[in-house]
Amino acid sequence: MAVEHTLSIIKPDAVAKNVIGEIYARFEKAGLRIVAAKMQHLSREQAEGFYAEHKERPFFKDLVDFMTSGPVMVQVLAGEDAIARNRELMGATDPQKAAAGSIRADFASSIDANAVHGSDSATSAEREVAYFFSDDEICPRD
Ligand code: RTP
Ligand code: MG
């Protein structure tokens, strides 16, 4: 399995709870490296563009309201099978259904305030990494 890059966002609820470090430790313990990172307070335009695939969904406005409610921490994770590995660490979208020990089970409080985002496929990872980072902001591999 080749090394992959995936986009991760620590959402406003988890930033407000002051658990960025605890979530980073989970990535690192699972063998994922943080190869780019920035804290940002998203504008509505940025959040709407990022989640454009959901723009016809009934929860879209709530999602954009939530994602713009405070700063987020955005990072690129690198590692073997990084896309699926990160999704597994995150747990299911609804924290009530998320596996015990997953990030959402431990830090999320609702389906809206669900602590983290992670790219769900190679195609979305490519688009989402490029949405936030230029090539020269991503650390080259050793
Ligand atoms: P994400 O994109 O944030 O990593 O989450 P995900 O893949 O697990 O879930 P997705 O289906 O892509 O939905 C994006 C975000 O929209 C909110 N959502 N609310 N009320 C609802 O039924 C509902 N469904 C989704 C969640 O905050 C989800 O993370
Ligand atoms: Mg998604």
Taking region 76-112 and the residues there that are under 25 Å from Arg57 (Cα atoms) and polar (S, T, N, Q), the one that is surrounded by the most Cβ atoms within 10 Å (Cβ to Cβ) would be Asn86
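Residues checked against (1) open to solvent by 90 Å² or more (accessible area, probe 1.4 Å); (2) in a helix (DSSP H, G or I):
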position	(1), (2)
Met1	yes, no
Glu45	yes, yes
Gly49	no, yes
Arg57	yes, no
Leu63	no, yes
Considering only region 84-96, I want to know if a residue exists there that is within 14 Å of Ala14 (Cα to Cα) and either within 16 Å of ligand 1 (Cβ to nearest atom) or touching a Gly at 6+ places or on another chain (Cβ under 7 Å) (or both). yes
All positions within region 65-75 that are more than 9 Å from ligand 1 (Cβ to nearest atom) and surrounded by 19 or more Cβ atoms within 10 Å (Cβ to Cβ): Val72, Met73, Val74, Gln75
Those residues that are in a loop (DSSP other than H, G, I, E, B) and open to solvent by 10 Å² or more (accessible area, probe 1.4 Å), I need them from region 20-41; list them, please. Ala30, Gly31, His41
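The values are calculated or read from the model by the stated rules, or taken from the named source; none is laboratory data. Model, not experiment: these values are computed from the prediction. Heads up, the Cβs are rebuilt from the backbone with ideal geometry, glycines too, and the neighbour counts pull from every protein chain shown. Keep in mind that these areas ignore ligands, DNA and RNA; they rest on the heavy atoms of the full protein, side chains included. Shrake-Rupley method; radii C 1.70, N 1.55, O 1.52, S 1.80 Å.
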